[in-house]
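Enquirer: Just passing along the structure, written as structure tokens.
The values are calculated or read from the model by the stated rules, or taken from the named source; none is laboratory data. Because the structure is a prediction, the values reported are computed rather than measured. Cβ coordinates were reconstructed from backbone atoms using ideal geometry, including for glycine residues, and neighbour counts include every protein chain displayed. Ligands, DNA and RNA are excluded from the accessible area calculation, which covers all protein heavy atoms including side chains. Shrake-Rupley method; radii C 1.70, N 1.55, O 1.52, S 1.80 Å.
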Amino acid sequence: MSDAQGQGRQPEAVKTVDDDTDRQPMSTLDAWVRSMAHPEPASLGRLPAHSPTCAGCGSENPAGLALVVDATEDGVRAVHRFDRRQEGAPGIAHGGLVAAAFDDLFGFLLYRVGELAVTRSLTVEYLRPVLLGTDYEFTAKVRTREGRRLHVDASAVETDGRRVATADATFIIVDVDHFEQGRATTLP
Ligand SMILES: CCCCCCCCCCCCCCCC(=O)SCCNC(=O)CCNC(=O)[C@H](O)C(C)(C)COP(=O)(O)OP(=O)(O)OC[C@H]1O[C@@H](n2cnc3c(N)ncnc32)[C@H](O)[C@@H]1OP(=O)(O)O
């Protein structure tokens, strides 16, 4: 993902070195939370990854999908090709990874809305097998907003325009403090 190359809002790069203001070392989580603290709606063009290691769009996650997503007039768009790492049945993408692509794409709509939100529910309709090594166009848009709830829709289509999958989800708008819960994570 060539993050931070879009024309819209450019979150601060995630730093793990000394912060300029307080000269205290800043963890990756601190830096990420700070960069996301005051979201503003993005304009059209390439959108930055949620984080360098995001499983959906981070370029530094070797097990990730590395989605590359653009803001469009209607919402967001990505052209994606699944590979062997996402295989379910031979030659066919695992449904859970197709769902991950939709979920992450929905996460890019937040740049358009200018809010932080998380997935509360996600439904995928698998209309046709999603083949490995084939380009699919994923698009997503916000259907409605009701209070803290964002109802979002998406589809994935083949180059001939046939839909292979659709998805809808409810995202709940959260305060940046929601992500402080990640501080409890300990990994080797
Ligand atoms: C601009 C910058 C952008 C950058 C963008 C970065 C963001 C960051 C992205 C990271 C990457 C993304 C990648 C993909 C997106 C994930 O992967 S997000 C991760 C997966 N999701 C989660 O971990 C969420 C876990 N769940 C939770 O933490 C809590 O359940 C929630 C969602 C915060 C809600 O809890 P709560 O605040 O206690 O709220 P609760 O009272 O249960 O419900 C809130 C409201 O929603 C309603 N509601 C609840 N469930 C439902 C439902 N299923 N249907 C309809 N309504 C519902 C409730 O009725 C209530 O309505 P109101 O009474 O407010 O009108």
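Enquirer: Ignoring ligands, DNA and RNA, what percent of the accessible area of the chain is carbon or sulfur (1.4 Å)?
Expert: 50
Enquirer: Beyond 18 Å, what share of the Cα-Cα pairs of the stretch 95-188 is found? Please give it as a whole percent.
Expert: Of the Cα pairs, 49 percent sit more than 18 Å apart.
Enquirer: Sticking with this structure for a sec: Sum -39500 (n - 2.57) across every DSSP H segment of at least 4 residues in the chain, then divide by the residue count to get the 222 nm mean residue ellipticity, nearest 500.
Expert: -5000 deg cm²/dmol
Enquirer: Apply the Karplus curve 6.51 cos²θ - 1.76 cosθ + 1.60, θ = phi - 60°, to the phi angles in the stretch 152-157 and return the couplings in whole Hz, x for Gly and Pro.
Expert: Values, residue by residue: 10, 10, 8, 8, 10, 10 Hz.
Enquirer: Counting heavy atoms of the protein chains only and a 1.4 Å probe, report the per residue accessible area for the stretch 68-184 as a whole number of Å².
Expert: For the stretch 68-184, the per-residue accessible area is 51 Å².
Enquirer: By how many nm would the segment from His94 to Glu73 grow when fully extended, if each residue of separation counts as 0.36 nm and the alpha-carbon distance is taken off?
Expert: Using 0.36 nm per residue and subtracting the Cα-Cα distance, I get 4.5 nm.
Enquirer: Take each of the peptides 138-146, 89-97, average the number of other beta-carbon atoms within 10 Å over its residues, and list them starting from the highest. Before the final figure, lay out each step's value.
Expert: Values: 138-146: 16.6, 89-97: 14.4.
Packing proxy ranking, top to bottom: 138-146, 89-97.
Enquirer: For the chain, with only Lys/Arg (+1) and Asp/Glu (-1) charged at the beta-carbon, what is the dipole magnitude about the Cα centre, in debye rounded to 20?
Expert: Working: 20 positive and 28 negative charges, 87 e Å.
It works out to roughly 420 debye.
Enquirer: Compactness ratio of the chain: Cα Rg over 2.2 N^0.38 Å, N = residue count? Don't skip to the end; give the middle numbers.
Expert: Numbers: Rg = 16.8 Å, N = 188, 2.2 N^0.38 = 16.1 Å.
Normalised by 2.2 N^0.38 Å, the Cα Rg of the chain equals 1.05.
Enquirer: Once the Cα atoms of helix 95-113 and of the chain are each reduced to a long axis, what angle between those two axes, in degrees from 0 to 90 to the nearest 10, is obtained?
Expert: 50
Enquirer: Follow-up. Just add up the charged neighbours of Glu125: K/R +1, D/E -1, any other residue whose Cβ is under 14 Å from the Cβ of Glu125. Please report the intermediate quantities before stating the final value.
Expert: Values: positive: Arg128, Arg162, Arg163; negative: Asp153, Asp168.
With Lys, Arg at +1 and Asp, Glu at -1, the net is +1.
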